[in-house]
Amino acid sequence: MGSFRGVPIRVHFSLLVALPLLALSFSAALQQAAEAADVPPGALGGHPWAWGLAVAVGLFVSVLLHEMAHTFYALRHGGEVHGITLMIVGGVSELAEVPKRPRDEALMALVGPLTSLGLAVLLGAVTWGVHGLGLFQVQFALFTLAMLNAVLGVFNLLPAFPMDGGRIVRAALTPRLGMVRATKVAAGLGRVFAVAFGVWGLVTLNPFTLVVAFFVLMGAEGESRQVRMKALLERVRVEALMTPRMVGVDLDLSMQDAHWALRREHVGMLPVTSAGRPVGHVTWAAVQAVPEAQRGGYMVRDAMEDGVVAELSEDGWTALRRMAEARVPMMAVVDEEGLLAGTLDWNDIQRGMTRAEEAERSRPGWPRERTA
């Protein structure tokens, strides 16, 4: 729906479910507060549902400002952010690369909760300022947003992944334990909090708390896996991961030739080459989209898509990131002269990780199991 310093801002479809539900909840709270304060319904200056929707939108604007603070600091200190996404449980900044220094990562994590707490103080001050002006609905909306921002700031300071407090814990532990072990500690705390949220949601019959527990658990597991994968793949070159492949599908061949090449190699995608250099890729879906009787007269150049290329000397993590950013399941690997040397897909990376883990376990001093 827009961008901030070149970073796209997206809205997840779950937000469209959350907004009307939150609007109904806040409108009911407004009516209850008005009754408790002896404010007649006609004095509210608008339908309660409209005010409830305004508070719900204000909440997600607050979440957006929280995430924008993370993004701003990360970009200023060597981080890389691919997007900000707003969803039913709040927002997330998609960090492709965190700042290099643990101190910068800790401060990047801290600025989000500080932004929320700062908004809480500001909105609280404005709430106090409009007191006595007869604007009960405005005062209610400001007070509710102030409280929600305070909760958002405090919740994100919990010392567990994927909350910001978990990143602060990891940054504090990294100099002593290293990135992988520090992440395991923070992710373990995240699992503990996820179980606690889940139990509380069951006891109180609160479905939203159960959803939060699920996202906290998935976030902790995902962060732990990603850091472990990064640590392994940064030590392995693409040359050791790839599937050697000297020949792709030539640019001037027909789609019938591409069909047989894909069947022969048992893959869903192959690089398209011109004079031995990769210029794109052709997929099984593209072949199937052409009627069988017409494949002989339909050329590969007309159906190929842009491809992603890695070099033999690159590390596996860099190649995986480029492949994920391009949203392709396979990339071509080229040698020093730019000629096709092989392909790299997710299966190659999984095999490479397995070999790297086995090599790590077999190093001297690593505890091993022994037969009884």
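The values are calculated or read from the model by the stated rules, or taken from the named source; none is laboratory data. Given the structure is predicted, the values throughout are model-derived calculations rather than measurements. All Cβ positions, even for glycine, are placed from backbone atoms using ideal geometry, and neighbour counts span all protein chains on display. The accessibility values were calculated without ligands, DNA or RNA, using every heavy atom of the protein model including side chains. Shrake-Rupley method; radii C 1.70, N 1.55, O 1.52, S 1.80 Å.
Remarks
- Any hit, region 120-140, residues being of a type outside the set (S, T, N, Q) and within 27 Å of the chain's Cα centre (by Cα): yes
- The one condition in (1) farther than 16 Å from SER254 by Cα; (2) more than 27 Å from the chain's Cα centre (by Cα) that ALA310 fails to fulfil: (2)
- Only one of GLY307, GLY338, GLY316 that is out of contact with any Phe, Trp or Tyr (no Cβ under 7 Å at 6 or more places or on another chain), at positive phi, surrounded by 12 or more Cβ atoms within 10 Å (Cβ to Cβ) and of a type outside the set (A, V, I, L, M, F, W, C): GLY338
- The criterion of being modelled with pLDDT of 85 or more, over 18 Å from VAL247 (Cα atoms), open to solvent by 20 Å² or more (accessible area, probe 1.4 Å) and not basic (Lys, Arg) holds for ALA289.
- Single residue of region 219-251 satisfying the filter (in contact (Cβ under 8 Å) with a residue 24 or more places away in the chain and under 14 Å from the mean Cα position of the chain (by Cα)) that is surrounded by the fewest Cβ atoms within 10 Å (Cβ to Cβ): GLY222
Residue-by-condition table, conditions (1) of a type outside the set (A, V, I, L, M); (2) touching a strand residue (DSSP E or B) at 6+ places or on another chain (Cβ under 8 Å); (3) at pLDDT 80 or above; (4) part of a helix (DSSP H, G or I):
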site	(1), (2), (3), (4)
GLU67	yes, yes, yes, yes
HIS70	yes, yes, yes, yes
LEU75	no, yes, yes, yes
GLY83	yes, yes, yes, no
LEU86	no, yes, yes, no
GLY91	yes, yes, no, no
ALA96	no, yes, no, no
ARG103	yes, no, yes, yes
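- Scanning region 314-356 for residues that are hydroxyl-bearing (Ser, Thr, Tyr) and either closer than 15 Å to ARG245 by Cβ or at pLDDT 90 or above (or both) yields one hit, THR343.
- Qualifying residue in region 180-188 (condition: of a type in the set (A, V, I, L, M, F, W, C), surrounded by fewer than 24 Cβ atoms within 10 Å (Cβ to Cβ), in contact with a Phe, Trp or Tyr (Cβ under 7 Å, 6 or more places away or on another chain) and under 14 Å from VAL216 (Cα atoms)): no
- Checked against (1) under 26 Å from LEU22 (Cβ atoms); (2) of a type in the set (Phe, Trp, Tyr); (3) surrounded by fewer than 22 Cβ atoms within 10 Å (Cβ to Cβ), PHE161 meets all criteria but (3).
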